[in-house]
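Accompanying notes for the structure given below.
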Amino acid sequence: MRSNQSRLAERDVRSEVELVGPSGAPVSAKVWDIGEGRPVVFVSGLVGLNRHWEGVISRVCHRFRCMPVELPLLELEGADCGVHGVRVMLETFTQKWLGEPAIFVGSSFGGHVALMLALDRPDLVSGLVLAGSSGLAEKPIVSETTKRDSYEWIQTKIAELFHDPDSMDTSDVERAFRELTDRKKARAMIKLSRSCRENHLGSELHRVQAPTLVLWGRQDIVTPPEAASEFAQKIPNARLHWIERCGHAPMIERPEEFASGLLDFVDSIPGG
């Protein structure tokens, strides 16, 4: 397993911003603000962190203003704890803190949230990148009937996110174990996953107006290649980029190719 070290510590501004979801309760989000240029907002999946984008951001921040947004997803409650609730928070962030449309790069659950924002508020989304996005088909990390008190089981589930298990970070396994053996956080994970299944977007994709890059690991077993093909077919202005020898987390496993695909995509968008 590799060890994840911050490579951007001297180049970024890190802060916490207060967002509000449907419940009206304040939610503290960790935001990095790196580079200058066209704004690109990175939205992680259910077990994702801002640092998981470092390999991509370090390769594109000379061109873009990169803003990964990390929400405490497993601490959300009530109406906030769902894909719609998180979409409202992302809308709040874009309007209140960014103040202009952005390109949204979403991984897994984060892709689903970005898609819903693009559907509901097309004026805020100038481009969309989907990496292993839910919204059509996905295999949840935790099911409602899963026994999840084994470190080895958690390690196996995290390893399934990668084509090469050596891409897995020990600290991520340890964090997932702590969180998924916490009853409250495990319930939040189940509720968030259920909200993804209940908000199937297959019949809505034709309404997406933003230019879209579907960037997918060929060996993704969480959101299979069939989902990538369906996204690319149903979203009007979409292109599909396969990353070979890559699983569900291409920003970690293949950051060079992810960054290259992102740069090429933004160059193709008017104003990019």
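The values are calculated or read from the model by the stated rules, or taken from the named source; none is laboratory data. These numbers come from a predicted model, not from an experiment. Cβ sites come from the backbone with ideal geometry, for glycine too, and all protein chains shown count toward neighbours.
Among the residues of region 8-46, write down those that are crowded, with 18+ Cβ neighbours inside 10 Å, in a loop (DSSP other than H, G, I, E, B), touching a Gly at 6+ places or on another chain (Cβ under 6 Å) and not hydroxyl-bearing (Ser, Thr, Tyr).
Gly21, Gly45
Tally the residues that are in contact (Cβ under 8 Å) with a residue 60 or more places away in the chain, surrounded by fewer than 17 Cβ atoms within 10 Å (Cβ to Cβ) and assigned to a loop (DSSP other than H, G, I, E, B), restricting the search to region 225-272.
3
Which of the residues spanning region 70-119 are more than 23 Å from Gln209 (Cα to Cα) and either in contact with a Phe, Trp or Tyr (Cβ under 8 Å, 6 or more places away or on another chain) or among the acidic types (Asp, Glu) (or both)?
Glu70, Leu73, Glu75, Glu77, Asp80
Any chance you could count how many residues in region 183-204 are of a type outside the set (Lys, Arg), in contact (Cβ under 8 Å) with a residue 24 or more places away in the chain and surrounded by fewer than 21 Cβ atoms within 10 Å (Cβ to Cβ)? Before you say what the answer is, go through the steps one by one.
Filtering region 183-204 down to residues of a type outside the set (Lys, Arg) leaves 186, 188-190, 192-193, 195-196, 198-204.
After this cut, where a residue has to be in contact (Cβ under 8 Å) with a residue 24 or more places away in the chain as well, the list is 186, 188-190, 192-193, 195-196, 199-202, 204.
Still in the list and also surrounded by fewer than 21 Cβ atoms within 10 Å (Cβ to Cβ): 186, 190, 195, 199-200, 202, 204.
Here the count works out to 7.
Are any residues in region 180-224 in a helix (DSSP H, G or I) and either hydrophobic (A, V, I, L, M, F, W, C) or closer than 22 Å to Val40 by Cβ (or both), and if so, which ones? Explain how you work it out, then say what you get.
Going residue by residue through region 180-224, those that are in a helix (DSSP H, G or I) are 180, 183-198, 205-207.
Of everything in region 180-224, those that are in a helix (DSSP H, G or I) and either hydrophobic (A, V, I, L, M, F, W, C) or closer than 22 Å to Val40 by Cβ (or both) turn out to be Leu180, Ala186, Ala188, Met189, Ile190, Leu192, Cys196, Leu205.
Which of the residues that make up region 1-30 are at pLDDT below 95, under 26 Å from Val173 (Cβ atoms) and of a type in the set (A, V, I, L, M, F, W, C)?
Selection gives Met1, Leu8, Ala9.
Could you grab me the full set of residues in region 47-63 that are within 14 Å of the chain's Cα centre (by Cα) and in a loop (DSSP other than H, G, I, E, B)?
Within region 47-63, Val47, Gly48, Leu49 meet the criteria.
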